[in-house]
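A short write-up of the structure that comes next.
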Amino acid sequence: MEKNVINGKYPINDFKTGESWRLFKIMGEFVEGIDALHNLGPAVSIFGSARTNPGHPYYKKAEQLSALFAKKGYAVITGGGGGIMEAANKGAKRGGVESIGLNISLPFEQKPNPYATTQIEFNYFFVRKVMFLKYAQAYIIMPGGFGTLDELFETITLIQTQKIRKMPIILVDKDYWDGLIHWVQNKFLEEKMISEKDLDLFHLLDDPEDIIQVVEDFYQTADD
């Protein structure tokens, strides 16, 4: 059987220039991200679909929510692309705070939006995820697809296993997320795949003002 079949199309499998050189490329992405963001200050990461058009209520809510965070002095970090990411960067820029776009190089769909005041390009998803987590004080999960779910569950897992500090994780729009939460409660919990306290690791909210308040209350309590 042939071993180690290589397909250079995929970054994680690109051994054409040797394994050690690939590690230097990964390190370079970490260095670029850290250099760009280490002085960022308080920030929130906002996630959601790249496929949401500007006329959609989700887009409008993301822009409104981002602008409200900006008023409270929070920078906004997104995936740097279109849809909800664009809306969040737009709201942050309008609010006069740092508007960060952590763009990922993809063969389709992902193009940098014009509202990020700082754009950083990544080839590796896992490096990009570290930047989302390292510099955020809260994770705001707007409606999205597989990528959004990936970010949501990885963050919950890292907090659950105490690999990162606890922070507010807020799912926005009850109608969109209710089916998923119902499934988590009635499958994960019922079959003892998680514990009751794990359900406290996230919030499900609609109103932007309530979302801001949860984040503010979390850090006020932490400081007391």
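What the table shows:
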read-out: Residue match in the range 35-52 (condition: free of Cβ contacts under 8 Å to residues at least 40 places away in the same chain, open to solvent by less than 90 Å² (accessible area, probe 1.4 Å) and out of contact with any strand residue (DSSP E or B) (no Cβ under 8 Å at 6 or more places or on another chain)); value: no
read-out: Test: residue in the range 67-78 that is of a type in the set (Gly, Ala, Ser) and within 25 Å of Phe146 (Cβ to Cβ); value: no
read-out: Filter result for Val44 (in a strand (DSSP E or B) and modelled with pLDDT of 95 or more); value: yes
read-out: Any hit, the range 109-123, residues being over 15 Å from Leu37 (Cβ atoms) and either β-branched (Val, Ile, Thr) or part of a helix (DSSP H, G or I) (or both); value: no
read-out: Matching residues in the range 83-116 - criterion: being at pLDDT below 95 and in contact with a Gly (Cβ under 8 Å, 6 or more places away or on another chain); value: Asn103, Ile104, Glu109, Gln110, Lys111, Pro112, Asn113
read-out: Of all residues making up the range 167-190, the number that are part of a loop (DSSP other than H, G, I, E, B) and at pLDDT 95 or above; value: 3
read-out: Residues of the range 126-143 satisfying the condition of being hydrophobic (A, V, I, L, M, F, W, C), over 8 Å from the mean Cα position of the chain (by Cα) and in a helix (DSSP H, G or I); value: Phe126, Val127, Val130, Met131
read-out: Subset of the range 192-224 (residues that are assigned to a loop (DSSP other than H, G, I, E, B) and either farther than 21 Å from Gly179 by Cα or open to solvent by less than 80 Å² (accessible area, probe 1.4 Å) (or both)); value: Ile194, Ser195, Phe202, Asp206, Asp207, Asp224
read-out: Members of the range 78-131 that are surrounded by fewer than 24 Cβ atoms within 10 Å (Cβ to Cβ) and in contact with a Lys or Arg (Cβ under 7 Å, 6 or more places away or on another chain); value: Gly82, Gly95, Ile104, Tyr115, Thr117, Phe122
read-out: Residue list for the range 53-76, filter: outside any helix (DSSP H, G or I) and either modelled with pLDDT under 95 or loosely packed, with under 15 Cβ neighbours inside 10 Å (or both); value: Asn53, Pro54, Gly55, Lys72, Gly73
read-out: Residue within the range 182-194 that is under 23 Å from Gly95 (Cβ atoms) and among the hydrophobic types (A, V, I, L, M, F, W, C) present; value: no
read-out: Pairs, first on the phi > 0 side of the Ramachandran plot in the range 68-83, second among the hydroxyl-bearing types (Ser, Thr, Tyr) and outside any loop (DSSP other than H, G, I, E, B), C-beta under 8 Å, six or more apart; value: Gly83/Tyr59
read-out: Qualifying residues in the range 16-31 (those that are open to solvent by 90 Å² or more (accessible area, probe 1.4 Å) and modelled with pLDDT of 85 or more) - the one farthest from Glu121 (Cα to Cα); value: Phe24
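The values are calculated or read from the model by the stated rules, or taken from the named source; none is laboratory data. Since this is a predicted model, take the numbers as computed values, not measurements. In this analysis, Cβ positions are derived from the backbone assuming ideal geometry, glycine residues included, and neighbour counts consider all displayed protein chains. Surface accessibility is based on the protein's heavy atoms, side chains included, excluding ligands, DNA and RNA. Shrake-Rupley method; radii C 1.70, N 1.55, O 1.52, S 1.80 Å.
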